[in-house]
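Trainee: Once you've had a glance at the structure underneath, I'll fire off some questions.
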Amino acid sequence: MKKVASVFLTLLVFCASTKGATNSVEVKEEIQEPVFTKTLTLDFFSKYVGPSGLAYTRNEVYQPSVTVTHESGLYLSVWGSGAFREDDKYGGNEIDYLVGWAGDVGPVSVDTGIGYYDFQKLFDGRKENAWAMFIEASKEYELKDAGLTLTPSLRFEENIPEPGSSYGSDFYVTTGLEIRKGVSEKVDVFFLPAVTYDNGIYGERCSALSLQCGVDISVSDGFTVKPTVISYLPSEKNDRDNEVVYGIGLKYEF
């Protein structure tokens, strides 16, 4: 927990120190968009459950992230998970370092990159970290008569453990459909059903259905709050169980 908190405290101080410089440029050139966009998030969940329904910890976690995105779409991101309880056997402690690109390729939005996953007591004392390669494609459709926005997506990720690890290279695939409706100028509600096939990347091979619903609330310019509920229904119960996760997320972009 202390390592996760210290890493993100350092990153927050850096982002805060560069905000003034960004604003000074905007005053001189009001029409010009900022070259870099910084996004800070902080999520709180009742437990840490992966996309295929495997519970890494059934205790409460906080999950911060810091992302710096260039106007070209290139970005650097650090994501973490920390357990509130120091005596947690698994802890759900993890820090991921990502570099990628997000943008439009024709009519499709693409997010692709590589990452390094620093697992800390995540799997019963596992110390073997891993590299990851990922790509996600999505497309947004507006149903104006119904006031809905539909966004189907497909994500593929492969993890490659460090040399000498007893774990092999495995992957998972997730496909989902986000259904979003604006109920007011500052409030959206959404429902996101998704199906994930895990080829053994985080446990036994398994498929899982996840159902997520939540609300996006725009509190002020650049700041949003998102309460959510997620239900996981795995096809196999050998190392998984049905899980329900409650959470709330904070996001600030500048």
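Trainee: Give the residue list of trypsin sites (Lys or Arg not before Pro) in the stretch 37-121 that are DSSP loop and have at most 11 other beta-carbon atoms within 10 angstrom.
Mentor: On the way: sites: 38, 47, 58, 85, 89, 121; in loops: 47, 58, 85, 89, 121.
For trypsin sites (Lys or Arg not before Pro) across the stretch 37-121 that sit outside H, G, I, E and B with at most 11 neighbouring Cβ atoms in 10 Å, the list reads 89.
Trainee: Dividing the alpha-carbon Rg of the stretch 154-229 by 2.2 N^0.38 Å yields what?
Mentor: Numbers: Rg = 17.3 Å, N = 76, 2.2 N^0.38 = 11.4 Å.
So the Cα radius of gyration is 1.52 times the expected 2.2 N^0.38 Å.
Trainee: Test of the criteria: in the stretch 184-247, which trypsin sites (Lys or Arg not before Pro) are in a DSSP loop and have at most 12 other Cβ atoms within 10 angstrom of their Cβ?
Mentor: Numbers: sites: 186, 205, 237, 240; in loops: 186, 205, 237, 240.
Taking the stretch 184-247 and a limit of 12 other Cβ atoms within 10 Å, the loop trypsin sites (Lys or Arg not before Pro) found are 186, 237.
Trainee: Continuing with this model, one more query. Can you tell me how much longer the chain between residue 142 and residue 71 gets when fully stretched, taken as 0.36 nm per residue apart minus their C-alpha distance, in nm with one decimal?
Mentor: Residue separation times 0.36 nm, minus the Cα-Cα distance, leaves 23.0 nm.
Quick note: the coordinates plus some simple rules give every number you see, no bench work behind them. All values reported here derive from a predicted model rather than from experimental measurement. Methodologically, a virtual Cβ is constructed for each residue, glycine included, from the backbone with ideal geometry; neighbour enumeration extends over all protein chains shown.
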